[in-house]
Amino acid sequence: MGTASPTTLLICEHCDTVYRRRPLGRGEVATCARCQAELERHHGLGVNALLALILTALIVFVQANMWPIVTLGLSGQLSGTTLWGVIIAMWREQAQVVSVLVAATLFFFPLMKMAMLGWLLWFARAGRRAPGFVRLMVALHYLGPWTMSEVFVLGALVAIVKAHAYFDVIPAPGIYAYAALTLLITILAGVDLRQLWDDVPERAA
Amino acid sequence: MSALPRAAELGLIACAVCGQVCRAVPGDPRLDGDSVGDAMACPRCGSTLRRRKPQSYARTWALLIAAFIMYIPANVLPIMRTASLNDIDDNTIISGVVELWVKGSPDLAIIVFTASIVVPMLKFLALGTLLVSSWRGSGWARVQRAKLYRLVELIGYWSMLDVFVVALLTALVRFSVLSLVEPLPGVIFFGLTVVLTMLAAMSFDPRLIWDGKDTDD
Ligand SMILES: [Zn+2]
């Protein structure tokens, strides 16, 4: 491999095969020839577009958490629940483990993820590394698989159908906010955040 | 196949956290992950550099077995009680699926069945197969096994579906006088199963699949 410096190289995370990095065209995906894992993906979103996406997601997230998710009609009475209603209910019903899981995967982790990304991108816009850049990038890596908002949308759907057998169930605004959030999360999931390491120069750290 | 060099052969190492390619001393035992100590740190993000995830076999086995032990009460114990004026009904995962099927939404029943039964079972079988075949250095169906691992990683957390359903129903129905929904211990074990299988999948190192004898490569 001679004189190539390590930054021009790319190592497959799944099988350790070494590749020489090559620029990707629009929509191109580089896959590993040995194990067929995805190596790198080109995405057309610039820092500004990403930041806009994150801010939108944050707003939708606030709405998804403030508004009731489902409303139940029972003999003229209406009762609805928000995400925090769910968390508190599980805590009180002796299922604290579940309560903590719900709070972490549906509230704290997604919120942290969006706030951290927003912070990093805000500074990246000016071509600078945000204060705490390295630590936040590492934290984002570990936070990766522990957000489950999209599973919750499907869960709400199942809950509505189940409750429908006994009550009048009305999907409330929160569920639509969650659906929109899922869409935004799916778009964001396609973005390789590791590129921020290269995009933002180190000297400004 | 010499056209596809691997990192260790070139004296390189990839940072597991940030992906940075670093030069490493070939054969340095501290990089192999099993000896604890002052191993090299990634110059970019500061994480410890390892050739492989530390103690991958032992950790994955331990987490997988723990998950399986949790999975038994998760299925046997009821996960939710629905009580109304005239009857009390304790639901297990399976009886919940059956009820959903009978009450007229077979498509959702299939989704719940897939998420809470098929996905965890697939994870036990898949991770077990990966562990055994990689341990033996088997060259059998390597590309397919690599794909299987990525599938396990991708679909793992969808098993949380039923836990969220129980939680939502509890919050929704608990305030009404006529009926009550209560979570039962099964749901706690189920939540733990999901978390443990996710941790097991994360501690397995897919590079082990490619580490054995290079017979058919
Ligand atoms: Zn590969």
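The values are calculated or read from the model by the stated rules, or taken from the named source; none is laboratory data. Predicted model, so just to flag it, every value in this text is computed and none were measured. A quick note on method: Cβ atoms are made from the backbone with ideal geometry, for glycine too, and the neighbour counts reach across all protein chains shown. Side chains are part of the model used for accessible areas, which takes the heavy atoms of the whole protein and leaves out ligands, DNA and RNA. Shrake-Rupley method; radii C 1.70, N 1.55, O 1.52, S 1.80 Å.
Observations on the structure shown:
- Accessible carbon and sulfur surface of the protein assembly as shown relative to its total accessible area, %, 1.4 Å: 65 percent
- Taking all protein chains as shown and a probe of 1.4 angstrom, B:K53 keeps an accessible surface of around 60 Å².
- The lysines within cross-link reach of A:K162, meaning a Cα-to-Cα straight distance under 29 Å and a gap of 8 or more places when in the same chain, are B:K103, B:K123.
- Given a 1.4 Å probe and the protein chains as shown, A:D199 ends up with an accessible area of around 100 Å².
- Qualifying GluC sites (Glu not before Pro) for region A:1-93 [loop in DSSP, other Cβ within 10 Å: at most 13]: A:E28
- The tail of the calculated P(r) for region A:91-205 beyond 20 Å holds 54 percent of all Cα-Cα pairs.
- Between B:E9 and B:A83, the simple spin-label model (points 7 angstrom out along Cα→Cβ) gives 6.7 nm.
- Farthest positive-ward along the protein assembly as shown dipole, Cα basis, beta-carbon charges - from B:V152, B:Q20, B:V187: B:Q20
- Projected area averaged over orientations for region A:165-205, convex hull of C-alpha atoms, nm²: 5.2 nm²
- Rg/Rh (Cα only; Kirkwood hydrodynamic radius) as it applies to region B:51-143: 1.15
- Solvent-accessible area per residue, Å², over region A:62-174 with all protein chains present [probe radius 1.4 Å]: 44 Å²
- Compactness of region A:3-93 - radius of gyration and Dmax, Cα, Å: 23.5, 78
- Kirkwood analysis of region A:30-158, using all unique Cα-Cα pairs, places the hydrodynamic radius at 17.4 Å.
- Region A:121-168: C-alpha pair distances exceeding 12 Å, %: 74 percent
- GNM top mover of A:A33, A:A52, A:A130 - chain A, alpha-carbon springs below 10 Å: A:A33
- Helical segments meeting 15 Å axial Cα length and Kyte-Doolittle -1.0 threshold in chain B (DSSP H): B:56-76, B:119-135, B:142-155, B:161-173, B:185-203
- Distance between modelled label sites at A:W91 and B:Q144, nm, 7 Å Cα→Cβ extension: 4.9 nm
- With DNA, RNA and ligands ignored, accessible area of A:H164 (1.4 Å probe; Å², nearest 10): 110 Å²
- Rg/Rh (Cα only; Kirkwood hydrodynamic radius) as it applies to region B:129-205: 1.23
- Separation of region B:96-110 from region A:156-171 is 13 Å, based on Cα centroids.
- Student exercise, the protein assembly as shown dipole from Lys, Arg, Asp, Glu Cβ charges, in Debye to nearest 20: 1180 debye
- Note on region A:1-116: dipole from Cβ charges, positive end direction compared against A:Q96, A:I59, A:V47; the farthest Cα belongs to A:V47.
- In region A:11-39, the residues whose accessible area drops by at least 30 square angstrom when the other protein chains are added to the isolated chain are A:I11, A:E13, A:H14, A:C15, A:D16, A:V18, A:R34, A:C35, A:Q36; the probe is 1.4 Å and only protein heavy atoms count.
- Inverse of mean 1/r across different Cα pairs in chain B, Kirkwood, Å: 20.0 Å
- Contact order relative to length of chain B, as percent, for alpha carbon pairs under 8 angstrom and 6 or more apart: 27 percent
- Whole-angstrom Cα spans of the protein assembly as shown along principal axes, big to small: 79, 52, 39
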